[in-house]
1. Which residues, taken from the stretch A:210-238, are open to solvent by 60 Å² or more (accessible area, probe 1.4 Å) and out of contact with any strand residue (DSSP E or B) (no Cβ under 8 Å at 6 or more places or on another chain)?
2. Test of understanding: among A:Ala192, A:Ala180, which residue is among the small types (Gly, Ala, Ser) and closer than 14 Å to A:Met135 by Cβ?
3. Consider A:Thr33 carefully, then state whether it is among the β-branched types (Val, Ile, Thr) and more than 30 Å from A:Arg171 (Cβ to Cβ).
4. The conditions are (1) over 18 Å from B:Arg191 (Cα atoms); (2) touching a helix residue (DSSP H, G or I) at 6+ places or on another chain (Cβ under 6 Å), and B:Pro78 fails exactly one of them. Which is it?
5. Residue by residue through the stretch A:132-142, note down the ones that are open to solvent by 20 Å² or more (accessible area, probe 1.4 Å) and either farther than 21 Å from A:His188 by Cβ or within 14 Å of chain B (Cβ to nearest Cβ) (or both).
6. Can you tell me which residues in the stretch B:224-238 are over 19 Å from B:Gly48 (Cβ atoms) and among the small types (Gly, Ala, Ser)?
7. In the list B:Arg52, B:Arg14, B:Arg38, which residue meets the criterion of being in contact with a strand residue (DSSP E or B) (Cβ under 9 Å, 6 or more places away or on another chain) and not acidic (Asp, Glu)?
8. Might you check whether a residue that is within 14 Å of another protein chain (Cβ to nearest Cβ), under 28 Å from A:Arg38 (Cα atoms) and touching a residue at least 40 places away in the same chain (Cβ under 8 Å) occurs anywhere in the stretch A:123-131?
There are 2 protein chains.
Amino acid sequence: VVQYDGTGYHGFQRQPGLVTVQELLEKAIKAITGEEVRVTGAGRTDAGVHARGQVVNFHTAGTIPDERFPFALNSVLPPDVVVVGVERVSPEFHARRNAISKVYRYSVLNRVFPCPFLRRYAYHVPQRLDLPAMMEAAGYLVGRHDFASFRAAGSSARTTIRTLTGLEWRREGDLLHLRAEADGFLYHMVRAIAGTLLEVGRGKLEPEEVRRILEARNRDLAGPTAPAHGLCLEEVRY
Amino acid sequence: VVQYDGTGYHGFQRQPGLVTVQELLEKAIKAITGEEVRVTGAGRTDAGVHARGQVVNFHTAGTIPDERFPFALNSVLPPDVVVVGVERVSPEFHARRNAISKVYRYSVLNRVFPCPFLRRYAYHVPQRLDLPAMMEAAGYLVGRHDFASFRAAGSSARTTIRTLTGLEWRREGDLLHLRAEADGFLYHMVRAIAGTLLEVGRGKLEPEEVRRILEARNRDLAGPTAPAHGLCLEEVRY
């Protein structure tokens, strides 16, 4: 289980010439075990997206005791990537394919002025937001639907049907948190949903229009993709 | 009223050749009014110390409407320094001398692993801490006392007597927050108190020993100065 501040990284997945979390983890494992391993992550978080509960798996023949593994890895990882738990699993375990659901959180700072402490972790929206309207609109998206309206333009998933088991807004002082749980997410899906619900909050869309956008299966009708830095992979369930 | 992430600054007060918050504010005021002003801060926060409620005053003959001032200043300030309010006061007002009390918060992350999101804002203590003992020890320091045991070694304040009106620990998940309110603080006083109370939490000092350390007026007896990044100036009261 890995936590990271995604600000300084080009996302989770390895990309030639760019610093990614996957590459850091593979280098850290090599540094402590000497093994060239490939790490599999449950969620392919984008550049700037954070994680509080990313799950990765890898195969090792190393002899470091399980409970020492996090300390050994953290001793060679930078301070913005922290391993918070290690568990021995069956050799067939696959962090992404075996996941039953994933939980993401999108955070919005809704006050007039930005906050120096949250500038990397919450999207600053200075306008007044209509939270009850955003809550109503979120309700229309819960369930098993074709989410083609809420994915990155031009992305090509095999199917765009997903089951969104939960989508709720919660207020914490000046912060609004959108919690989204699903069996899987399309590329940019949470950010497209957050961006659309924020249009509702700003009064630019009526809550019921979100239902029609969903049914239209047309990305052009939904709101903009909310910025990456408000997003965090909270938990992966197995 | 100014909020800042102190990580990148050499404290509040101007120092030749170093980037400080005071200098940034004075440059920002010059950029929007054309005036060379001197800014007076309520608290001279150290390098790495943060602020959620620093108060500064300055004199201006500028014509920018009061309510536009924060927006104008923020447009030229970096994102880790944010003006969150401006108020017109009498020309005699002095942000430091007129303050009745200041509130600081010292934050400790008490879990086995560090946290990538709190690495700049809380002191990580992986050992189990005895919070009731730390609370008891804090109680001995409340009141009007000579705090010579809890200041930077070699500092030379006119008097080392201060009135600590409040000193309480509060738990918030893995975080422990020490809230300290006083009519004034000696240099490094909150950090010396936090460092000493953490020695109590680790079982290296008995709670009652903190009373004896206070009475001895000897800096050598107290615990180490806790690191700057856990400290935040929360509020200044007038």
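The values are calculated or read from the model by the stated rules, or taken from the named source; none is laboratory data. Fair warning: this is a prediction, and the values are worked out from it, not measured in the lab. Here the Cβ positions follow ideal geometry from the backbone for every residue, glycine too, while neighbour counts run over all protein chains shown. For the accessible areas, the whole protein counts, side chains as well, though only heavy atoms, and no ligand, DNA or RNA atoms are used. Shrake-Rupley method; radii C 1.70, N 1.55, O 1.52, S 1.80 Å.
1. Step one: list which residues in the stretch A:210-238 are open to solvent by 60 Å² or more (accessible area, probe 1.4 Å), which gives A:211-212, A:215, A:217, A:220-221, A:224, A:235, A:237-238.
A:Arg211, A:Arg212, A:Glu215, A:Asp220, A:Leu221, A:Pro224, A:Tyr238 - these are the residues of the stretch A:210-238 that are open to solvent by 60 Å² or more (accessible area, probe 1.4 Å) and out of contact with any strand residue (DSSP E or B) (no Cβ under 8 Å at 6 or more places or on another chain).
2. A:Ala180
3. yes
4. Single failed check for B:Pro78: (2).
5. Once the filter is applied, which keeps residues that are open to solvent by 20 Å² or more (accessible area, probe 1.4 Å) and either farther than 21 Å from A:His188 by Cβ or within 14 Å of chain B (Cβ to nearest Cβ) (or both), the stretch A:132-142 yields A:Pro132, A:Met135, A:Glu136, A:Gly139.
6. From the stretch B:224-238, those over 19 Å from B:Gly48 (Cβ atoms) are B:235-238; that's our starting set.
Within the stretch B:224-238, none qualify.
7. Within the list B:Arg52, B:Arg14, B:Arg38, the selection yields B:Arg52.
8. No.
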